[in-house]
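Here's the structure, in structure tokens; my notes come after.
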Amino acid sequence: MSAPLRVAVVGVGHLGQHHARLLAAMDGVQLVGIVDTKAGRAAEVASKLGVPSFSHLRELPLDGLDAATIAVPTVSHLDVAQPLIDAGVSVLVEKPLSSSLSDADKMIEAAARRGVVLAAGHTERFNPAVVAALPLVSNPRFIEVHRLGTFPERSLDIDVIFDLMIHDLDLLLTSVKSEVVSIEAIGVNVLTPKADIANVRLKFATGCIANVTASRISRDKVRKVRFFQRASYLSIDYAAQEAEVYRLVAQNGRPQIEGGKLDVQRDEPLRAELADFVGAVRDRREPGVSGRAGRAALALATKVAEAMEASAV
């Protein structure tokens, strides 16, 4: 049997604590350290899992470390990822990949130079409903997306585009597989100095139109996407992990509608994402969502934010 993959978690706030929980329970993985600069936080999480804790990245022993996941504030992604990559450690960086495209490029270049895996934490790609439905998406003509959530006490350093909508922008890029040729966007600052609700209309070179709404100030939680394409319709409910498909078919010369719910094998998307990352590091392959894919989503989110700012002038 091969030796367990030695992994650390940097940042154990709202999301990072689940990185640690899942990695600690994963076969073939040894969680060797938890890092968090908030006083007592690393020790609190580490004590539950029986692993060492550190209050700063410089205290984490990098010798023999194979991989790390990074779930710190976006502005610090490069500062945390760079020394790990330079030490030959593969990293999974939570979305958005970085706070700027130049920082994303530095990560990608460093990972290529050191020959390590750089994965972007776009968890929805590993949602079982997405995995089941995405192969059935074929040249969609119209896409409707709603991602609505209640007000959070986290990720307020970025607006709703980079906090929530970027998940759907990533999914659009991988499902439409076409260049975005026009963007119309509007955003409203309601409870924070940054946009808390936004709507964007994207037009792709194929002619496909996507209407995307993201909110972090809604009463109800909604996470759904619908694809309309020639002779078929697909619907994905991210939260319920359910997917439906309906097709127009000819029976005895008459059109009929067939379809229903797809068979979805439920799983925790973050667990699937981390398992993919671990497999990519072990097998020296590209992860399900690469650093370049994370950069592409960031680039589109940046263009959406610029269009939103222009519309406010």
Do we have any residue at all in the range 155-177 that's of a type outside the set (Lys, Arg) and part of a strand (DSSP E or B)?
-> no
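Mind telling me which of the residues 232, 175 ends up being polar (S, T, N, Q), in contact (Cβ under 8 Å) with a residue 24 or more places away in the chain, in contact with a strand residue (DSSP E or B) (Cβ under 8 Å, 6 or more places away or on another chain) and buried (at least 20 other Cβ atoms within 10 Å of the Cβ)?
Working: 232 fails: buried (at least 20 other Cβ atoms within 10 Å of the Cβ).
It is 175.
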Residue 37 vs. criteria touching a strand residue (DSSP E or B) at 6+ places or on another chain (Cβ under 8 Å) and either polar (S, T, N, Q) or not assigned by TED's automatic domain parsing to the domain that holds residue 282 (or both) = no
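What do you reckon, is residue 219 of a type in the set (Lys, Arg) and in contact with a strand residue (DSSP E or B) (Cβ under 6 Å, 6 or more places away or on another chain)?
On the way: of a type in the set (Lys, Arg): yes; in contact with a strand residue (DSSP E or B) (Cβ under 6 Å, 6 or more places away or on another chain): no.
So residue 219 fails the test.
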For the range 32-49 the number of residues that are over 16 Å from residue 60 (Cβ atoms) and assigned to a helix (DSSP H, G or I) is 3
Filtering the range 232-254 down to residues that are modelled with pLDDT of 90 or more and in a loop (DSSP other than H, G, I, E, B) yields 238, 239, 240, 241
Filter the range 109-134 for residues that are closer than 17 Å to residue 84 by Cα and among the small types (Gly, Ala, Ser); which is nearest to the chain's Cα centre (by Cα)?
-> 121
Name the single residue, out of those in the range 104-130 being surrounded by fewer than 20 Cβ atoms within 10 Å (Cβ to Cβ) and free of Cβ contacts under 8 Å to residues at least 60 places away in the same chain, that is farthest from residue 205 (Cα to Cα).
-> 114
Matching residues in the range 255-302 - criterion: being in contact with a helix residue (DSSP H, G or I) (Cβ under 6 Å, 6 or more places away or on another chain), assigned to a helix (DSSP H, G or I) and acidic (Asp, Glu) | 273
Taking first residues from the range 195-208 that are farther than 17 Å from residue 230 by Cβ and second residues anywhere that are among the acidic types (Asp, Glu) and modelled with pLDDT of 95 or more, the pairs with Cβ under 9 Å that are 6 or more apart or on different chains are 199/184; 200/184; 201/184; 202/184; 203/184; 205/179
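The values are calculated or read from the model by the stated rules, or taken from the named source; none is laboratory data. Owing to the predicted nature of the structure, the values given are computational and were not obtained by experimental measurement. Don't worry about glycine lacking a Cβ; one is built from the backbone with ideal geometry, like all the others, and counts go over all protein chains shown.
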